[in-house]
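After the structure tokens below, expect a handful of questions from me.
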Amino acid sequence: MIQYPIIFIHGIANDFAPWTPAILKMRGETPHYEMRYQTKEKIFHNFDGTISDSGSSFWNVSYYLDRPLQESFFGHLEEYAVRLQAMIRLIQKLTGQQKVVLVAHSMGGLVARRAMTLDDDSWNSVYRIVTVGTPHEGVRVSPKLIPQFRDLQPKSEFLSELNRAWEMHVSFDPVKKWGVVGAVSRLSLLKNGLRTDAAGPGFVAIGSSIPFGEWEEAIQAWDIPTLNTAHFGFRVATRAGHNELLDHPVTYGAIEWAFSGEKK
């Protein structure tokens, strides 16, 4: 198993809390730390210098400033990606590890993918990434007035730039380092790829969480992962709600995949 630092990244309007139960369930004797971006010159963390013998550690990070009202109305995903990039680099420095594993929920998956594509060093620093319930093709109902919601609209400027940059990096590095977890809620009344992981259209559709049309194959085998597909190193669909994915067997399976392989 690969023993890189594993970084957990929250979704919209969240913080450390959503990933904490999963981290506590998985960590065992592995150290667990928190990190929050504050300014370009200051990033809070509680790292005490302790890492496991293998070099692994768990990190629960927040790209939101500790000003939730300001973030809710003025924050945008490109800015969050730059903040996350800075935190990843600091974690590398603190742990002495060249690579990390990213596990991101919901909007955090877009922030994480964008952070990876900001430059070549950022791309190469990520061994694998798992996105869980992430709207890679946007969200059908997303208000335009608030920047981070505007970024979540299908074919937004942010998503277009992310996809362009991602395709460019993949063309030079075809290693399938991306794993996706998508879900359909039992409450969803929509059909086909529009079925969401909650009761309404404002949540994440299966066609968005497992993009490129691969959702169609994924739902033919619920809860059974497929490795090395056309676009992903790991792909799985399940019947669950959006937040249920934070503590779900298929998500733990995806994280296990993220640690598999030989260390590079």
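Counting only residues that are within 23 Å of A205 (Cβ to Cβ) and not polar (S, T, N, Q), how many does region 79-108 have?
Result for region 79-108: 8.
Now for a different question. Would you call S188 closer than 23 Å to A115 by Cα and small (G, A, S)? Walk me through how you get there before you give the answer.
Working: closer than 23 Å to A115 by Cα: no; small (G, A, S): yes.
Considered against the rule, which asks whether it is closer than 23 Å to A115 by Cα and small (G, A, S), S188 comes out as no.
While we're on this one: Restrict the check to region 73-92 and report whether at least one residue is modelled with pLDDT of 95 or more, of a type in the set (V, I, T) and assigned to a strand (DSSP E or B). Even if it seems obvious, please write down each step before you answer.
The initial filter retains those residues of region 73-92 that are modelled with pLDDT of 95 or more, namely 77-92.
Checking the rest, the ones that are also of a type in the set (V, I, T) come to 82, 88, 91.
Next, from what is left, pick out any that are assigned to a strand (DSSP E or B): none.
Looking through region 73-92, none of the residues is modelled with pLDDT of 95 or more, of a type in the set (V, I, T) and assigned to a strand (DSSP E or B).
Looking only at region 216-241, which residues are open to solvent by less than 80 Å² (accessible area, probe 1.4 Å), under 15 Å from S260 (Cβ atoms) and more than 17 Å from the chain's Cα centre (by Cα)?
P225, T226
Regarding A237, is this residue in contact with a Leu (Cβ under 9 Å, 6 or more places away or on another chain), among the aliphatic types (A, V, I, L, M) and modelled with pLDDT of 95 or more?
no
What are the residues in region 143-158 that are surrounded by 17 or more Cβ atoms within 10 Å (Cβ to Cβ) and either touching a Gly at 6+ places or on another chain (Cβ under 6 Å) or part of a strand (DSSP E or B) (or both), if any?
Scanning region 143-158 gives Q148, L152, Q153.
Further, regarding this structure: Consider M107 carefully, then state whether it is in contact with an Asp or Glu (Cβ under 9 Å, 6 or more places away or on another chain), open to solvent by less than 20 Å² (accessible area, probe 1.4 Å) and closer than 22 Å to G179 by Cβ.
Values: in contact with an Asp or Glu (Cβ under 9 Å, 6 or more places away or on another chain): yes; open to solvent by less than 20 Å² (accessible area, probe 1.4 Å): yes; closer than 22 Å to G179 by Cβ: yes.
Judged against the criteria, M107 is a match.
List every residue pair whose Cβ atoms lie under 7 Å apart, where the two residues are 6 or more positions apart in sequence or sit on different chains, the first residue falls within region 15-35 and is open to solvent by less than 30 Å² (accessible area, probe 1.4 Å), and the second residue, located anywhere, is at pLDDT below 90.
What qualifies is T30/S52; T30/S56; P31/T50; P31/I51; P31/S52.
Please state which of the following conditions Y4 fails to meet, knowing it meets all the rest: (1) touching a Lys or Arg at 6+ places or on another chain (Cβ under 7 Å); (2) open to solvent by 50 Å² or more (accessible area, probe 1.4 Å); (3) in a loop (DSSP other than H, G, I, E, B); (4) modelled with pLDDT of 90 or more.
(2)
So in region 191-215, with the set limited to residues that are in contact with a Gly (Cβ under 7 Å, 6 or more places away or on another chain), within 18 Å of H248 (Cα to Cα) and not aliphatic (A, V, I, L, M), which one is surrounded by the fewest Cβ atoms within 10 Å (Cβ to Cβ)?
Looking at residues that are in contact with a Gly (Cβ under 7 Å, 6 or more places away or on another chain), within 18 Å of H248 (Cα to Cα) and not aliphatic (A, V, I, L, M), I get D197.
Among residues belonging to region 93-142 that are free of Cβ contacts under 8 Å to residues at least 60 places away in the same chain and in a loop (DSSP other than H, G, I, E, B), point out the one that is nearest to D197 (Cα to Cα).
The residue in question is T117.
The rows are residues; the columns are (1) farther than 25 Å from A13 by Cα; (2) of a type in the set (A, V, I, L, M, F, W, C); (3) without any contact (Cβ under 8 Å) to a residue 60 or more places away in the chain.
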{"residue": "F158", "(1), (2), (3)": "no, yes, no"}
{"residue": "R164", "(1), (2), (3)": "yes, no, yes"}
{"residue": "E167", "(1), (2), (3)": "yes, no, yes"}
{"residue": "V175", "(1), (2), (3)": "yes, yes, yes"}
{"residue": "G182", "(1), (2), (3)": "no, no, yes"}
{"residue": "S188", "(1), (2), (3)": "no, no, yes"}
{"residue": "L194", "(1), (2), (3)": "no, yes, yes"}
{"residue": "V204", "(1), (2), (3)": "no, yes, no"}
{"residue": "G207", "(1), (2), (3)": "no, no, no"}
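Would you call S188 surrounded by 16 or more Cβ atoms within 10 Å (Cβ to Cβ) and touching a His at 6+ places or on another chain (Cβ under 7 Å)? Let's see the steps before the verdict.
Numbers: surrounded by 16 or more Cβ atoms within 10 Å (Cβ to Cβ): yes; touching a His at 6+ places or on another chain (Cβ under 7 Å): no.
In short, no.
Consider region 127-141. How many of its residues are touching a helix residue (DSSP H, G or I) at 6+ places or on another chain (Cβ under 6 Å), surrounded by fewer than 22 Cβ atoms within 10 Å (Cβ to Cβ) and aliphatic (A, V, I, L, M)?
0
The values are calculated or read from the model by the stated rules, or taken from the named source; none is laboratory data. Just so we're clear, the structure is a prediction, and the values are computed from it rather than from any experiment. Note that each Cβ is placed from the backbone with ideal geometry, even for glycine, and that neighbours are counted across all protein chains shown. To get the accessible areas, we keep the full protein, side chains included, count just its heavy atoms, and leave off ligands, DNA and RNA. Shrake-Rupley method; radii C 1.70, N 1.55, O 1.52, S 1.80 Å.
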